[in-house]
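Asks: This is the structure I want to talk about, given as structure tokens.
Computed from the coordinates by the stated procedures, all read-outs in this text should not be read as laboratory data. Because the structure is a prediction, the values reported are computed rather than measured. All Cβ positions, even for glycine, are placed from backbone atoms using ideal geometry, and neighbour counts span all protein chains on display.
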Amino acid sequence: MSAPVVRLIRVGQDAPSELLDLSPVLTEAVAVSVGQGAAPPTVVIRRQRPYALLGPRDRRLPHLAAGIKVFQAAGLPVFERIGGGSAVILDEGCISFGVARPCDDFTFIQRNFEELTEGVRRALALLGLEARFGEAPGSFCPGPYDLMVDGRKVAGVAQAIRGGFALVSGMVLVSQDPVRVTELLNRFYAAAGAAPELVPDNVATLADLLGRTVGLAEVEDALVRGFAGVYDLVPASPSVDERQRAATLWRTRRIG
């Protein structure tokens, strides 16, 4: 059986400034096209400028505005995520990924997690790491489908099913400092009226696990190779409609 044909969109080091600006919402904009039948299933592998991403529960915190000021003081714009989960920080120390395919059946949640992260798990194997699903106690944005290596979280994963599409997305921690990020997230929650007492102990970067410097380009290439082992990838750029939709989403998803 031939591999499914899937569009590949990369936002890498040489991406136009416009795409880097839209990076926080680009994958969602692409997923909408997939759900509408205007685009085939799509893999997005992207870099981003630093920003904070909040989940639905975070929006209900009693002093959210004060928490957002913590991120703003650190130079981070704040966006709301499409799926579940809680606050995370994305920066130049991680690579983000997303896979969108047509789906309107919530009984497929587990299947989507398993199938749409296959390329990421293959990428980590190419780097020499065997990743399994699991939840890292005390880590930021913990979930049962995060990717773990030796009991430590190396990639956060979330899912959204909306408007005819399933979107499984997340970030691979390449060199992001878990201690610094956890400290900032704890300050956000304290200011916003919660005290989760997050700890960095069960979070690891690729650099930690491999014991060497790991570049973003190396991880991007591994992700492409990993997904190419699952799909027949066709490189593409976001359509004009997707760029326009992303620009609209950028305004509606930004909350600080």
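Asks: So what's the gap between the Cα centers of segment 55-73 and segment 133-151, to the nearest angstrom?
Replies: What the calculation gives is 23 Å, centre to centre.
Asks: Continuing with this model, one more query. With both partners inside the chain, how many of the DSSP beta bridges are antiparallel, as a percent to the nearest 5?
Replies: Counting only bridges with both partners in the chain, antiparallel ones make up about 70 percent.
Asks: Taking the Cα centroid of segment 92-125 and of segment 218-256, what is the distance between the two, rounded to the nearest whole Å?
Replies: So the two Cα centres are separated by 13 Å.
Asks: If amide H atoms are built 1.01 Å from N in the plane of the peptide, which residues on other chains or at least 5 residues away come under 5 Å of the amide H of V203?
Replies: Residues meeting the criterion, in which the H sits 1.01 Å from N, are K153.
Asks: Provide Rg and Dmax in Å for the chain, with only Cα atoms included in the calculation.
Replies: 17.1, 54
Asks: Mind checking the log10 I(q)/I(0) for segment 1-40 at q = 0.16, 0.23, 0.33 Å⁻¹? Debye, one equal scatterer per Cα, no solvent, two decimals.
Replies: Per q value, in the given order, log10 I(q)/I(0) is -0.51, -0.84, -1.09.
Asks: Could you work out the longest stretch of the chain that avoids the trypsin sites (Lys or Arg not before Pro) located in DSSP loops with at most 14 other Cβ atoms within 10 Å?
Replies: 61-211
Asks: Related question: Using a Förster distance of 51 Å, how high is the FRET efficiency between R187 and S2, based on the Cβ-Cβ distance and rounded to 0.05? Write down the numbers at each step before the final one.
Replies: Numbers: r = 51 Å, r/R0 = 0.99.
The calculated FRET efficiency here is 0.50.
Asks: Sticking with this structure for a sec: Segment 45-126: which GluC sites (Glu not before Pro) are DSSP loop and have at most 16 other beta-carbon atoms within 10 angstrom? Don't skip to the end; give the middle numbers.
Replies: Details: sites: E80, E92, E114, E115, E118; in loops: E92.
Filter output for segment 45-126: E92.
Asks: Oh, and also: Compute the relative contact order of the chain as a whole-number percentage, counting only Cα pairs closer than 8 Å that sit 6 or more residues apart in sequence.
Replies: This gives 28 percent for the chain.
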